[in-house]
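> What follows is a single structure, and I will ask about it in a moment.
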There are 2 protein chains.
Amino acid sequence: MARTTGTKRAILDAALQLAAERGISGTTMDDVAERAGVAKGSLYYNFSSKDQLFEGLMLEGMSALTEALREARAGAQGEAAIEALVTTLLGRIKANTPLARVIAGDIFRTDRPWQETSFAFRHEALAEFAAAIDGAGRERSVPAGQDPGASVTWSTQLMAASVFGATLMAGLEWLVSDPDRPQADVVDAVLATFGRSREPAVVQAKTPR
Amino acid sequence: MARTTGTKRAILDAALQLAAERGISGTTMDDVAERAGVAKGSLYYNFSSKDQLFEGLMLEGMSALTEALREARAGAQGEAAIEALVTTLLGRIKANTPLARVIAGDIFRTDRPWQETSFAFRHEALAEFAAAIDGAGRERSVPAGQDPGASVTWSTQLMAASVFGATLMAGLEWLVSDPDRPQADVVDAVLATFGRSREPAVVQAKTPR
């Protein structure tokens, strides 16, 4: 997705700040125009409605996340793929906590105009985790490019939701309780929950970070 | 907590339905009065403001949850305590999905008047998971009655958040994707994520359900 700039970017950023502070339902177009420092005409020129604005914001965030997860999994095999996904998701939560909060609060809402698209993205994100779990169990990964969710059992789908939920909740807890702790400590704690530990090679590669 | 009945109960139930459908911010006191079938005077007689109403709703739900978790952990030792907590949390999500959705969406909001109380409840709920994790690792549990969070390390706190988040997300995914599946299958999938399996004795005890 091309990076959005200028007025459109300012509007999306203001909408995100406000949604993180007071929820999507609690945010009005007037609030967004004021926070972004743009005229209402300019706001409506860029986004014809509040629904369209927040749909754009959610989709931008969710597609960036699924793309990052896809890349992370494609670059790793077996057990390391799960670690790569956990590390990537934690990194995104840290890099954009307001967005993580807004997505976390929206992910199981059933009243949003963007519900179907949001559902599709959740499915895609979970499919990456499912493929990594499948690959770790069978010591092989689903090739990049192939639909990783194609042959996933319901039980693997639930395990994928578990790994995703564990990482999301641990990440948000990290940033609420002690955000100065290094990300590697959070990765360790999440992997320890799964009875796993970081791959030595990956620890090595990440030391300079 | 004494069970709320009559008009107050009807108001709380209507508020929950509406919040699950359109969010707390998207729900007005007028909506609640209409859905509950009570006059506005009666609504305001029971709850002086929308904040007071939703604070009451959240606290009722969260205190029932932490009490159920406390009981579940107190009745089990070591590994079985984790299974008991996972089973209890999934049972509550199944029994009151709208409430689970509303709490899940609210848990990391930082703008609610009830934020401090909500934070305290989250801490209490996580402390039960932390005590179970500690107990499983050290093959002993923190005695019931003793503050289970007193000596918990940060890493155990994050693992507790992981187990809680895994169970919550798997539970919501269960109810979105295939709610007719038996709860035991979901418990199995969550425990498998942690590299654990159900205790044979517990499987036995639950078969007739």
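The values are calculated or read from the model by the stated rules, or taken from the named source; none is laboratory data. This one's a predicted model, so the numbers in the text were calculated from it and none came from an experiment. Neighbour counts are summed over all protein chains in view; Cβ atoms, including those assigned to glycine, are modelled from backbone coordinates with ideal geometry. To get the accessible areas, we keep the full protein, side chains included, count just its heavy atoms, and leave off ligands, DNA and RNA. Shrake-Rupley method; radii C 1.70, N 1.55, O 1.52, S 1.80 Å.
> Any residue at all in the stretch A:18-28 that's away from chain B (no Cβ under 14 Å), within 24 Å of A:Met169 (Cβ to Cβ), without any contact (Cβ under 8 Å) to a residue 24 or more places away in the chain and surrounded by 15 or more Cβ atoms within 10 Å (Cβ to Cβ)?
no
> Tell me which residues, restricted to the stretch A:54-70, are more than 13 Å from the chain's Cα centre (by Cα) and more than 16 Å from A:Arg9 (Cβ to Cβ). Let's see the steps before the verdict.
Just the residues of the stretch A:54-70 that are more than 13 Å from the chain's Cα centre (by Cα), to begin with: A:54-56.
Of everything in the stretch A:54-70, just one residue is more than 13 Å from the chain's Cα centre (by Cα) and more than 16 Å from A:Arg9 (Cβ to Cβ), namely A:Glu55.
> Restrict the check to the stretch A:35-53 and report whether at least one residue is polar (S, T, N, Q) and within 14 Å of chain B (Cβ to nearest Cβ). Outline the logic, then answer.
Initial filter on the stretch A:35-53 (polar (S, T, N, Q)): A:42, A:46, A:48-49, A:52.
Within this subset, residues satisfying the condition of being within 14 Å of chain B (Cβ to nearest Cβ) are none.
Scanning the stretch A:35-53, I find no residue that is polar (S, T, N, Q) and within 14 Å of chain B (Cβ to nearest Cβ), so the answer is no.
> Another question, if that's okay. Working only within the stretch B:172-198, note down all residues that are more than 7 Å from chain A (Cβ to nearest Cβ), within 19 Å of A:Ala132 (Cα to Cα) and open to solvent by less than 50 Å² (accessible area, probe 1.4 Å).
Scanning the stretch B:172-198 gives a single hit, B:Leu191.
The rows are residues; the columns are (1) open to solvent by less than 10 Å² (accessible area, probe 1.4 Å); (2) more than 10 Å from chain A (Cβ to nearest Cβ); (3) at pLDDT 90 or above.
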| residue | (1), (2), (3) |
| --- | --- |
| B:Leu65 | no, yes, yes |
| B:Ala74 | no, yes, yes |
| B:Ala100 | no, no, no |
| B:Ile103 | no, yes, no |
| B:Asp106 | yes, no, no |
| B:Thr110 | no, no, no |
| B:Phe119 | no, no, no |
| B:Glu139 | no, yes, no |
| B:Val142 | no, yes, no |
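> Continuing with this model, one more query. Mind counting the residues in the stretch B:1-15 that are under 23 Å from A:Arg109 (Cβ atoms) and either open to solvent by 60 Å² or more (accessible area, probe 1.4 Å) or within 14 Å of chain A (Cβ to nearest Cβ) (or both)?
1
> Restricting to the stretch A:76-91, and then to whatever is at pLDDT below 95 and either assigned by TED's automatic domain parsing to the domain that holds A:Ala14 or open to solvent by 30 Å² or more (accessible area, probe 1.4 Å) (or both), can you tell me which residue is farthest from A:Gly6 (Cα to Cα)?
A:Glu79
> For residues that are touching a residue at least 60 places away in the same chain (Cβ under 8 Å) and more than 12 Å from chain A (Cβ to nearest Cβ), scanning just the stretch B:121-134, find the one that is farthest from B:Gln157 (Cα to Cα).
The qualifying residue farthest from B:Gln157 (Cα to Cα) is B:Phe121.
> Kindly indicate which of A:Ile11, A:Ile103, A:Ile107 is in contact (Cβ under 8 Å) with a residue 24 or more places away in the chain and closer than 25 Å to A:Thr167 by Cβ.
Numbers: A:Ile11 fails: closer than 25 Å to A:Thr167 by Cβ; A:Ile107 fails: in contact (Cβ under 8 Å) with a residue 24 or more places away in the chain.
Criteria check complete, one pass: A:Ile103.
> Among (1) crowded, with 20+ Cβ neighbours inside 10 Å; (2) of a type in the set (A, V, I, L, M, F, W, C); (3) under 25 Å from A:Phe108 (Cβ atoms), there is one condition B:Leu59 misses while meeting the rest; what is its number?
Single failed check for B:Leu59: (1).
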